[in-house]
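Inspection log for the structure reproduced underneath, given as structure tokens.
The values are calculated or read from the model by the stated rules, or taken from the named source; none is laboratory data. Treat the numbers as computed from the prediction; the structure is a model and nothing was measured. In this analysis, Cβ positions are derived from the backbone assuming ideal geometry, glycine residues included, and neighbour counts consider all displayed protein chains.
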Amino acid sequence: MTASRVARRYAKALFKVALEEKKLEAYKGELEAFFGQMKSEPMFSLALSSPFIPLQSRISLLDEVARTLGLSEVVKKLLGLMVERNRIRLLDEVLRAYGDLVDRYMGRSKGVLRVPFEPPRDYVDRIAQALSNLTGKKVTLEVLIDPSLIGGAKAEVEGVVYDGSVMAQLMQLRKTLLEG
């Protein structure tokens, strides 16, 4: 089984419990906090995933950090299971898959907005609102600066590209002129 399939299974299991307990966002925040701890402390991450450290020591370390972060029993058990099965290295994929499940359930969607330079916040908000109207979901946009765009913008939401770049407009004009 591929790593991403395994990660999705963990995410689905947590999602099911979180949905029953009405703690979708709370558990997401807990996973983010724990993952942040792993990223900021490489030795901690290494210790949790090392087969050379006895399992009981890794679980004790996990319990200590979980207590410090105030993690719920549900999230702590999930992380413990991942440590036991040597899959804690998949936490970033589990977090991403869980976040996608929560967003889908809540009617939210994430997208990417590519622009040639840093846009004003109200510009991004207007585009996000227009995309929300198009998709029927609350769209949040990650802004990426792409100097290869002459002007305009390109947005991608749920695999659909909305190309309002100057280059796309020029190509459309060319096509129209050639057709007649």
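Figures for the structure shown
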quantity: Residue in the stretch 133-145 that is surrounded by the most Cβ atoms within 10 Å (Cβ to Cβ), counting only those that are under 25 Å from ALA26 (Cβ atoms) and out of contact with any helix residue (DSSP H, G or I) (no Cβ under 8 Å at 6 or more places or on another chain); calculated: LYS137
quantity: Failed item in (1) within 30 Å of ASP163 (Cβ to Cβ); (2) not in a helix (DSSP H, G or I), with PHE52 passing the rest; calculated: (1)
quantity: Tabulated pairs, the stretch 126-149, first within 20 Å of MET167 (Cβ to Cβ) and at pLDDT below 90, second among the small types (Gly, Ala, Ser) and buried (at least 18 other Cβ atoms within 10 Å of the Cβ), C-beta under 6 angstrom, 6+ apart or interchain; calculated: LEU149/SER165
quantity: The stretch 99-118: number of residues that are surrounded by fewer than 16 Cβ atoms within 10 Å (Cβ to Cβ) and either β-branched (Val, Ile, Thr) or closer than 19 Å to MET167 by Cβ (or both); calculated: 2
quantity: Residue pairs meeting the criteria (Cβ under 8 Å; at least 6 apart or on separate chains; first in contact (Cβ under 8 Å) with a residue 12 or more places away in the chain and under 15 Å from ARG96 (Cα atoms), in the stretch 17-46; second of a type in the set (A, V, I, L, M, F, W, C) and not in a helix (DSSP H, G or I)); calculated: GLU30/LEU71; ALA33/LEU71; PHE34/LEU71
quantity: Pair list, Cβ < 6 Å and 6+ apart or interchain, from the stretch 47-74 residues that are without any contact (Cβ under 8 Å) to a residue 60 or more places away in the chain to residues that are β-branched (Val, Ile, Thr) and surrounded by 11 or more Cβ atoms within 10 Å (Cβ to Cβ); calculated: ALA47/ILE53; LEU48/VAL83; LEU48/ILE88; SER49/ILE88; ARG58/VAL83; LEU62/VAL83
